[in-house]
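Reviewing the structure listed below.
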Amino acid sequence: MAMVTAKLSSPATARLGPVRSAQPARRASLVRVRASGGSYADELVSTAKTVASPGRGILAIDESSATCGKRLASIGLDNTEVNRQAYRQLLLTTAGLGEYISGAIRFEETLYQSTTDGKTFVDVLKDQNIMPGIKVDKGLVPLPGSNNESWCQGLDGLASRCAEYYKQGARFAKWRTVVSIPCGPTALAVKEAAWGLARYAAIAQDNGLVPIVEPEILLDGDHGIERTLEVAEKVWSEVFFYLAQNNVLFEGILLKPSMVTPGAEHKEKASPEAIAQNTLTMLRRRVPPAVPGIMFLSGGQSELEATMNLNAMNQSANPWHVSFSYARALQNSVLKTWQGQPENIEAAQKALLVRAKANSLAQLGSYTGEGESDEAKKGMFQKGYTY
């Protein structure tokens, strides 16, 4: 009888050594499995290409009601649905926004809201050729067995939610999980983040939504840029391994990575050129060219930093559309201009167009930084920031 080595399930059983097989070893069979998306495949590819169109990026306004409340509180407004609706209406009804913005990620509340004139926000976006998107995760909770790390919940009921969001007009989705360098990251946290993102992506595609894949590597920490690069490569390696295992259609996804920067508390800042070099190195090593778009998060960078770093990454040709999916880095100046006053709406919308145009130019590699305000240069990093 032939001696074979068994693949054992735990370190304890691994010490037992070889075991005798009662039957001859069988060669594993390969089963052909279709990619996720099914009948939606062509639409997914088309949607992803539309979002990843030249000179355009994503406006992220998917903050939870609690987080939106913090933004409103910064200008002295109460966290009410009326105030949240008014702010989102200001953003989404900005004339000319579609020239620079290809997609808008919303929180569930906003997906069902309308303007004060009764026009749905979905139709407002469609009229400007902006793809409606939706945040589908249910937030971060502590990960048992880890080093004070988190995991993202929301897979339960995700298929039915995605199907409903599609009916409501959404065409892409977002799921955000985080990785903390000061906390390790542990192998458990990285694997959990990658597996959760892959399951979400497959489910979203199966229901007609292009998934934005976002494992945010937090800026927290005093580590150097080399450590960020090392962790980013590990995280994205795991993510694409599990995306492939879940038969996700790469041509029908978008990525929302962190830029490769030093930790926010590192003693030396990196130049836009160094950030671009390290970030593009990571992407070229880990991201297949079949992926249509890389839509960076700003992660607490100042408005100016986020734009300059994006511009540096577009100084030479890339195999993917390299663009932005910014929240604070598009909204900070807008909020401070608006101050909750109706008479400031026009000025606030102009402030949004200024930031959107700047990042549009950065996507094209043509941003110069001339005429930027002092407000745009202020950093927005908050240690332990939560959405």
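The values are calculated or read from the model by the stated rules, or taken from the named source; none is laboratory data. Bear in mind the structure is a predicted one, so any value in this text is a computation, not a measurement. Positions of Cβ are generated from backbone atoms using ideal geometry, with glycine treated the same way; all protein chains shown enter the neighbour counts. These accessible areas exclude ligands, DNA and RNA; they are computed on the full protein's heavy atoms, side chains included. Shrake-Rupley method; radii C 1.70, N 1.55, O 1.52, S 1.80 Å.
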TODO: Using Cα centres only, tell me the gap between region 319-335 and region 91-165 in whole Å.
DONE: 15 Å
Open item on the list: Can you say what percent of the DSSP beta bridges in the chain, counting only those with both residues inside, are antiparallel? Round to 5.
Closed with: 15 percent
Task: Prolate/oblate/rounded label for region 40-367 (Cα gyration tensor, a/c 1.5) - done: rounded
Open item on the list: Suppose only helical runs count, i.e. DSSP H with n ≥ 4. What mean residue ellipticity at 222 nm does that imply for the chain under -39500 (n - 2.57) per run, divided by all residues and rounded to the nearest 500 deg cm²/dmol?
Closed with: -12500 deg cm²/dmol
Task: Listed residues 115, 80 arranged by accessible area, highest first, probe 1.4 Å - done: 80, 115
Task: region 40-367, relative contact order in percent, only Cα pairs under 8 angstrom and at least six apart counted - done: 19 percent
Task: Residues of region 53-138: accessible area per residue with a 1.4 Å probe, Å² - done: 37 Å²
Task: Around residue 188: net Lys/Arg minus Asp/Glu count, Cβ-Cβ under 12 Å - done: -2
Task: Kirkwood Rh and Cα Rg combined as Rg over Rh, evaluated for region 75-157 - done: 1.10
Open item on the list: Taking the solvent-accessible surface of protein heavy atoms with a 1.4 Å probe, what is the per residue accessible area of region 276-369 in Å²?
Closed with: 35 Å²
Task: Most mobile of 190, 136, 82 in a GNM of the chain (Cα contacts under 10 Å) - done: 82
Open item on the list: As I understand it, the dipole of the chain uses +1 on the Cβ of Lys and Arg and -1 on the Cβ of Asp and Glu, about the Cα centre. Which of 310, 283, 223 lies farthest toward its positive end?
Closed with: 283
TODO: Give me the percent of the accessible area of the chain that comes from carbon and sulfur atoms, probe 1.4 Å, all protein chains in place.
DONE: 52 percent
Task: Label-point separation in nm, residue 129 to residue 83, each point 7 Å along Cα→Cβ - done: 3.7 nm
Open item on the list: Using Cα springs under 10 Å in a Gaussian network model of the chain, which residue among 141, 287, 213 shows the largest mean-square fluctuation?
Closed with: 141
TODO: Could you tell me what percent of the DSSP beta bridges with both partners in region 66-168 are antiparallel, to the nearest 5?
DONE: 50 percent
Open item on the list: Taking the Cα centre as origin and putting +1 on Lys and Arg beta-carbons and -1 on Asp and Glu beta-carbons, what dipole magnitude results for the chain, to the nearest 20 debye?
Closed with: 1420 debye
